[in-house]
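The values are calculated or read from the model by the stated rules, or taken from the named source; none is laboratory data. Remember, it's a predicted structure, so these values are computed and weren't measured experimentally. Cβ atoms come from the backbone with ideal geometry, glycine included; neighbour counts cover every protein chain shown. SASA here: full protein model, heavy atoms, side chains in, ligands and nucleic acids out. Shrake-Rupley method; radii C 1.70, N 1.55, O 1.52, S 1.80 Å.
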Amino acid sequence: MEQDRSDMAAGSSQHLTAFQSEREAYLVSRVLDRDSRAFHELYQNYRPRLVRFLTNLVRRPSLVEEVLNDTMLVVWNRLETFKGTSKLSTWVFAIAYRKGMKAMQRSDDPVENSEPAVSTSYEPGPEDSANHQRTQKALKLALDKLSANHRIVVDLTYFHELGYREIAEIMECPVDTVKTRMFHARRQLKQILAGEKSDWL
């Protein structure tokens, strides 16, 4: 563990490939030394992506915060088990996926109605905003009709821009399984979404 810390702190090329930046590598080395401020920064860095991911996975806003906290608690308590053989983000999302699936199995509550966590990078005008809202509502309704595994493959591919190999690591399944799930998810969405709303698929 001491060697892991020194490697990460030094920013070795082997470990930097597992991190998004030298800053993330540094934060991990500090969290391994139980630095709560570094953990808070790491938590805040991952929170927006995990909220979006978990919202699409569990479809129950009341569960999102619970699963998010459970996920980051594992990161805090078991970060030393991360060996840098995959990206840190892949490791964290895999934990979130397992925690989210377990939370859904435990919960019998109906799925709550919520807007999808999709943001734009520009300032839309009134007409653009109205079209965007209609598109997002249609997309939300379509995604609601998919199974959790199909929904997550779509989410990780289109909104988190992950490759099939990373998604396979997160979902702990073969790459071919991810490809099959994406094929069926896209086919279902194309059937549900008409016209230009399905062009992005």
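Between GLU22 and GLU66, the simple label model (points 7 Å from Cα in the Cβ direction) yields a spacing of 4.3 nm.
With every protein chain kept in the model, how would you rank HIS160, HIS184, HIS40 by accessible area, 1.4 Å probe, largest at the top?
On the way: HIS160 30, HIS184 60, HIS40 110 Å².
Putting HIS160, HIS184, HIS40 in descending order of accessible area: HIS40, HIS184, HIS160.
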